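Working notes, beginning with the structure itself.
Every number in this text was worked out from the coordinates using simple rules, so none of it is lab data. Fair warning: this is a prediction, and the values are worked out from it, not measured in the lab. Here Cβ is always computed from backbone atoms with ideal geometry, including for glycine, and neighbour counts include all displayed protein chains.
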Amino acid sequence: MSTEIRVPTLGESVTEATVAQWYKSEGDSVSADEPLLELETDKVSVEVPAPAAGKITEITAKPGETVEVGALLGQIGEGAGNSTQKADAPKAEAKSEAPAKADAPAKSAGGDVQDVTVPALGESVTEATVGQFMKKVGDSVAADEAIVELETDKVSVEVPSPVAGVIKSFEVAEGDTIGVGAVIAKVEAGAGGAAQDTDKGGATTKSAAPAESSGDMPAAPSAQKAMKEAGISASQVEGTGKRGQVLKGDVIAALEKGATGSSAEAPAAKRAPSGEDDAAREERVPMSRLRRTIAKRLKDAQNTAAMLTTFNDVDMTAVMDLRKQYKDVFEKKHGTKLGFMAFFSKACVQALRDVPAVNAEIDGNDLVYKNYYHLGIAVGTDKGLVVPVVRDADELSFADIEKTISGFGRRARDGQLKLEEMQGGTFTITNGGIYGSLMSTPILNAPQSGILGMHRIEQRPVAINGEVKIRPMMYLALSYDHRVVDGKEAVTFLVRIKEAIEDPQRLLLDL
């Protein structure tokens, strides 16, 4: 008897995903609820767990394939597989690479020492926080290879080595705040043996911390929870995700190989007879610079703007039918998927033209009306919310908008967005529907005067021509600055969006 592995529900506004990677292979044994593979949608990555324990007998959807909700991904049969043997193989291969590097002749003596400094971070950014090191003292690096990650108010920036050589020292520690031009590290030009130098042990305490991380990506939330429950650290787990990210499956594999935590901690935490013991179980983590800036700006927006939210709902039938009819042809011609964001972006541009106050901002005692349309698209990441900007959206085609937004989403998850890509927005769109939100009141992205909140699509009964019909409906929310936008203008703006989405031909005719 076999159990099918199928694409789970991804949120009512998401109908398909791309297979990013499989954590298991055919013939591997799995336990119930163990992550098997990762799916990528336009906005988030989703781990698919095993519906039952057994052995993977078939994988039908390969990495890179696009699959719809409910599609078959693979089969799980009864019996034990060979996951232990396969898990040992990559480990053995990884071990075999180190001696090969060690056998190479070391030529690090006598090279020029070059400083690695904080690069220019944008005209309005003068300092950054040291996030994490990708290398440690004694490691060899190639020219332009990233050695440290810096966090600014907006983005994470990877700083590369200016030359090929060996890292001689780090001049800063993780968590330090440093200015533009400050020296981060010193690299001695010339080839070096990373494995050979590593045998010296961590040369400094500053360089020991990066070695505990399995990669330059934070562990997945499910993996963090699993590590906390098991009492183990990321240094005991080998990450197999993108850029070395630790996944839940990696934690399970590490536990199967004998990784253990402090057995004394769990019983002590469970007893917790007093408030003092509760405090001992708390974890205090400094807020990242990005998170601090997000918190400050959101609160500033609430304190400064006369913020108000108005709502409407929209029938998504016409857009969904149009998308279903043309999505395959669209993707074949343009090389990108046809999503809902292009429709809403175009609808917003038309509405902003009709109601220019929503595209304006206050500057001192002046109102500045923007005769251009730079749409900010809110993207959630592990490190917080970022809002890259689709510039001159009125001049872009549907395909151009979809390509730009999907590129933003991919690079935001990898921390590769540039500062200039998140500046100059005149209006923002945020889609809580991908996370299942039915309704919300978005907070303004100051100094903008309006933000549109999209939500999940839900089948609801509505009255149409005197008859009750079941239609795919979405609630829309417009938060606006009442100092700039009157209530009539806000309601008119949402009505224009509703009209354009329910009759998308208006977008083509500019009505």
Descending Cα extents along the principal axes, the stretch 1-81, whole Å: 37, 20, 17
Inverse of mean 1/r across different Cα pairs in the stretch 274-347, Kirkwood, Å: 17.9
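Quote to one decimal, in nm, the extra length available between residue 354 and residue 287 on full extension: 0.36 nm per residue of separation minus the C-alpha distance between them. Numbers along the way, then the final one.
Numbers: separation 67, 0.36 × 67 = 24.12 nm, distance 4.13 nm.
Gain on extension, residue 354 to residue 287, equals 20.0 nm.
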Filtered chymotrypsin sites (Phe, Trp or Tyr not before Pro), the stretch 319-395: DSSP coil and at most 15 other beta carbons within 10 Å: 372
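Report the percentage of all Cα-Cα pairs in the stretch 290-509 whose separation exceeds 24 Å, rounded to a whole percent. Present the calculation step by step, with values, prior to reporting the outcome.
Working: 10176 of 24090 pairs.
Of all Cα-Cα distances in the stretch 290-509, 42 percent exceed 24 Å.
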Cα-projected label distance for residue 115 with residue 278, points at 7 Å along beta-carbon direction, nm: 5.0
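Under a Cβ-only charge scheme (Lys and Arg +1, Asp and Glu -1), can you give me the dipole magnitude of the stretch 318-392 about the Cα centre, in debye to the nearest 20?
Working: 11 positive and 9 negative charges, 103 e Å.
Computed charge dipole of the stretch 318-392: roughly 500 debye.
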Net length gained if the chain between residue 382 and residue 420 were fully extended (0.36 nm per residue, minus Cα distance): 11.6 nm
Violating pairs (Cα-Cα greater than 24 angstrom) within the set 225/296; 62/332; 332/370; 248/324; 225/299: 225/296; 332/370; 248/324; 225/299
Dipole magnitude (debye, nearest 20) for the stretch 1-81, charges at Cβ of Lys, Arg, Asp, Glu: 120
Positive dipole terminus of the stretch 1-81, leading residue within 67, 46, 21 (C-beta point charges): 21
Label point distance in nm, residue 397-residue 65, each placed 7 Å from Cα along Cα→Cβ: 3.0
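Write down, largest first, the equivalent ellipsoid semi-axes of the stretch 425-511 in whole Å, where each equals the square root of 5 times an eigenvalue of the alpha-carbon gyration tensor.
On the way: eigenvalues 122, 59, 31 Å².
The equivalent ellipsoid of the stretch 425-511 has semi-axes of 25, 17, 13 Å.
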Extension gain (nm, one decimal) between residue 146 and residue 173, 0.36 nm per residue minus Cα-Cα: 8.1 nm
Estimated distance in nm for a label pair at residue 317 and residue 9, the labels positioned 7 Å out from Cα along Cα-to-Cβ: 2.3
